[in-house]
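To start, the structure itself, in structure tokens.
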Amino acid sequence: MNWRSKNNLLKLARLGLTPKEKWRRNIAVCCIVLATSVGLAYTLGAWNAIRAFVDRGAIVQIPTRVNASASTLDSAYQITSDEGGTQTFEDGTDVEYAAHTTVEVDFSAGRRVVRLRAGSATFNVAKDPRRPFIVLADGLSATAVGTKFDVTVTPTVRVRVYEGVVAVAEGQVKAGQMVRKLKAGEEYERPR
């Protein structure tokens, strides 16, 4: 390489990128901006708003999985509603949920667990002594075998019993743990 070719390279370097290189740089910048925008939208919760708009009160079915210790299929799904509604679970339990409620349902051969993430829901529980019905809401658990009660998550967590008996405890109930038993007409409320 002689001095003239070095000077030509220096002139090209001063002129900037070739059109092909400019195109590649622009594509890379667009990809970075898009990835950053999606990450920011997800972080700020816009993704959940978009998902809720698309779902619009529908049941989102999560694939069922086979429980290795039982011959029955476990099922799990989520109900998200902006308008409220009613639903009958596979075990015959009826649930009536208010607007802006999110409920996750996880039934197996040994128990029926519902996680109330937000909002309010009233449960008319189908009797099944082999599988307790447990509602988890912000660190509180309400366990019933066959009864009608509601759980509300707002600035407080409230359990109100309409029929039967519900055992209320902090966290999931363990053997020997103290529980508060609520009868029809009673309620328990605590701050979140």
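The values are calculated or read from the model by the stated rules, or taken from the named source; none is laboratory data. The structure displayed is predicted, hence computed values, not measured ones. Don't worry about glycine lacking a Cβ; one is built from the backbone with ideal geometry, like all the others, and counts go over all protein chains shown.
A few comments on the model shown:
- Residue check: Arg158 meets all listed conditions (1) surrounded by fewer than 20 Cβ atoms within 10 Å (Cβ to Cβ); (2) at pLDDT below 90 but one, namely (2).
- Test result for Arg117, closer than 20 Å to Arg192 by Cβ, in a strand (DSSP E or B) and either of a type in the set (Phe, Trp, Tyr) or at pLDDT 90 or above (or both): no
- Filter pass, Ala144 being in contact with a Gly (Cβ under 8 Å, 6 or more places away or on another chain), farther than 15 Å from Val103 by Cα and touching a residue at least 12 places away in the same chain (Cβ under 8 Å): yes
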